[in-house]
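First up is the structure itself, then whatever we jot down about it.
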Amino acid sequence: MSAPSDRDVLSTRTIPRSYYEKLFKETDSLRKELETKNILDSCRGSILATIFMEPSTRTRLSFHYAMVKIGGEVIDFGPVEAASIAKGETFEDTIRMIDGYAPDVIVIRNKVPGSAKLAADICAAPVINGGDGSNEHPTQAMLDLYTMQKLRGTIDGAKVGLMGDLAHSRTTSSLSYALDKFDNVSIFYIAPSELQVRPEVVDSLSHVHVEKAETYVNVIRDLDFLYVTRLQRERFTEPREYERLKGSYQLDRSSLSKYSKLPFIMHPLPRVDELNPDLDALSIAKYFEQARNGMYVRAALLKRTISGQS
Ligand code: NCD
């Protein structure tokens with residue numbers, strides 16, 4: 001068994017601000033190179049193994065595209081129903097076996113909190129957490145921060161509203177821990193009480209200023225960013241509770257038309273009914289740009305991880 005190394009990317013709790021600074025510089029430089037060349041040579045000869053045991057579109061595909069664009073190869077685990085896990089093979093055996101094929105880096109998503117750490121404990125290859133249940137999604141936080149920095153110039157001093165199913169959302173926990181590394185940042189957790197942020201998340205923040213609100217109505221004027229997340233249906237143990245809370249927070253063009261100053265609207269996607277498509281044409285709607293940024297940030301992350309830079 002190999003210990004998790006400092007090349008693993010498991011949580012934003014432990015990633016210092018200096019890491020993001022280097023990562024975003026690398027992101028900009030790869031992005032520039034990719035304007036003139038479709039495929040680079042940076043990771044020629046390297047293999048990325050992706051293991052997604054929960055549904056994914058953006059995270060899986062942007063990692064695939066990123067790896068191909070920096071010259072590497074991708075081997076995908078495929079749908080979990082088609083693997084021997086369906087015959088009863090354990091998570092641990094599956095991971096150990098894939099690591100035995102000697103990939104240069106592994107990205108893993110699983111519904112169990114702590115599963116990425118468990119994989120990192122087993123694997124010799126560096127492990128990147130692509131989402132472990134409601135716990136964390138560190139690479140989403142990286143692209144969120146990158147997008148914020150691009151839009152506002154700096155993350156220091158930002159006022160960020162996180163709105164939606166904060167109780168079950170991993171993107172908002174990882175983003176909270178990441179924002180905590182910057183100066184004079186305020187986070188407004190906006191949700192009905194049943195969906196408010198988990199105490200474990202707020203308790204581990206030491207630097208940011210935290211406020212809570214039931215709706216965006218009284219805080220939206222103060223925000224630089226309003227980051228919305230969907231109701232995480234798959235994490236509800238009681239379907240009736242999901243039905244009851246469905247539609248409890250929604251944004252559309254007409255509800256925002258009364259405000260003279262509006263924040264940038266962000267969302268990790270997929271959206272369900274919390275962001276009306278009539279917002280998409282507004283210049284403050286940044287969620288598709290955010291998703292596009294993800295590919296470049298992940299290319300930089302793969303390059304740094306494979307080359308052993310921390
Ligand atoms: C998020 C996730 O998987 O946590 N999606 C993503 O990676 N962009 C958000 C979500 O599923 O709601």
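The values are calculated or read from the model by the stated rules, or taken from the named source; none is laboratory data. Bear in mind that the values here come from a model prediction, so they are computed numbers and not experimental data. As a convention, Cβ positions derive from the backbone with ideal geometry for all residues, glycine included, and neighbour counts pool all protein chains shown.
General observations
- Total residues in the stretch 186-197, condition surrounded by fewer than 24 Cβ atoms within 10 Å (Cβ to Cβ) and within 16 Å of the ligand (Cβ to nearest atom): 2
- The set of residues in the stretch 1-45 being buried (at least 16 other Cβ atoms within 10 Å of the Cβ) and more than 21 Å from Lys150 (Cα to Cα) consists of Pro4, Arg7, Asp8, Val9, Leu10, Ser11, Arg13, Leu40, Ser42, Cys43.
- Test set (1) surrounded by 20 or more Cβ atoms within 10 Å (Cβ to Cβ); (2) without any contact (Cβ under 8 Å) to a residue 60 or more places away in the chain; (3) within 23 Å of Ala291 (Cβ to Cβ) - Leu48 fails condition number: (2)
- Taking the stretch 65-91 as the range and being within 16 Å of the ligand (Cβ to nearest atom) and more than 19 Å from Pro126 (Cβ to Cβ) as the test, the residues that pass are Tyr65, Val80.
- Residue match in the stretch 85-99 (condition: closer than 21 Å to Asp132 by Cβ, in a loop (DSSP other than H, G, I, E, B) and not assigned by TED's automatic domain parsing to the domain that holds Glu234): yes
- Only residues that are surrounded by 15 or more Cβ atoms within 10 Å (Cβ to Cβ) and modelled with pLDDT under 95 were counted across the stretch 237-271, and they come to 4.
- Residue pairs whose Cβ atoms lie under 6 Å apart, sitting 6 or more positions apart in sequence or on different chains, and linking a residue in the stretch 12-24 that is under 10 Å from Lys181 (Cβ atoms) to a partner that is part of a loop (DSSP other than H, G, I, E, B) and modelled with pLDDT of 95 or more, are Arg17/Lys181.
- Filtered by the rule that a residue be free of Cβ contacts under 8 Å to residues at least 60 places away in the same chain and either assigned by TED's automatic domain parsing to the domain that holds Leu23 or of a type in the set (Val, Ile, Thr) (or both), the stretch 136-176 gives Thr154, Ile155, Thr172.
- Residue list for the stretch 258-286, restricted to those being of a type in the set (D, E, K, R) and within 16 Å of the ligand (Cβ to nearest atom): Arg271, Asp273, Glu274, Lys286
- Residue within the stretch 287-298 that is in the same structural domain as Ser173 (by TED's automatic domain parsing), more than 16 Å from the ligand (Cβ to nearest atom) and without any contact (Cβ under 8 Å) to a residue 40 or more places away in the chain present: no
- Residue among Asp156, Asp203, Asp165, Asp183 that alone is buried (at least 21 other Cβ atoms within 10 Å of the Cβ), at pLDDT 95 or above and among the acidic types (Asp, Glu): Asp165
- Filter pass, Glu200 being among the acidic types (Asp, Glu), within 19 Å of Ser173 (Cα to Cα) and more than 16 Å from the ligand (Cβ to nearest atom): yes
Residues checked against (1) within 16 Å of the ligand (Cβ to nearest atom); (2) over 30 Å from Glu81 (Cβ atoms); (3) in a helix (DSSP H, G or I); (4) in contact with a Phe, Trp or Tyr (Cβ under 6 Å, 6 or more places away or on another chain):
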site	(1), (2), (3), (4)
Tyr20	no, yes, yes, no
Phe24	no, yes, yes, yes
Ser29	no, yes, yes, no
Leu34	no, yes, yes, no
Leu40	no, yes, no, no
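- Verdict on Glu243 being assigned by TED's automatic domain parsing to the domain that holds Tyr146 and more than 17 Å from Leu162 (Cβ to Cβ): yes
- In the stretch 104-184, counting only strands (runs of 3 or more DSSP E) that sit wholly within it, the ones holding 1 or more residues that are within 12 Å of the ligand (Cβ to nearest atom) span 105-110, 127-132.
- A count restricted to the stretch 106-131 and to residues that are free of Cβ contacts under 8 Å to residues at least 40 places away in the same chain and either under 24 Å from Met266 (Cα atoms) or of a type in the set (Val, Ile, Thr) (or both) stands at 1.
- Of the candidates Ser62, Ser56, the single residue that is within 25 Å of Leu179 (Cβ to Cβ), within 16 Å of the ligand (Cβ to nearest atom), assigned to a loop (DSSP other than H, G, I, E, B) and under 19 Å from the mean Cα position of the chain (by Cα) is Ser56.
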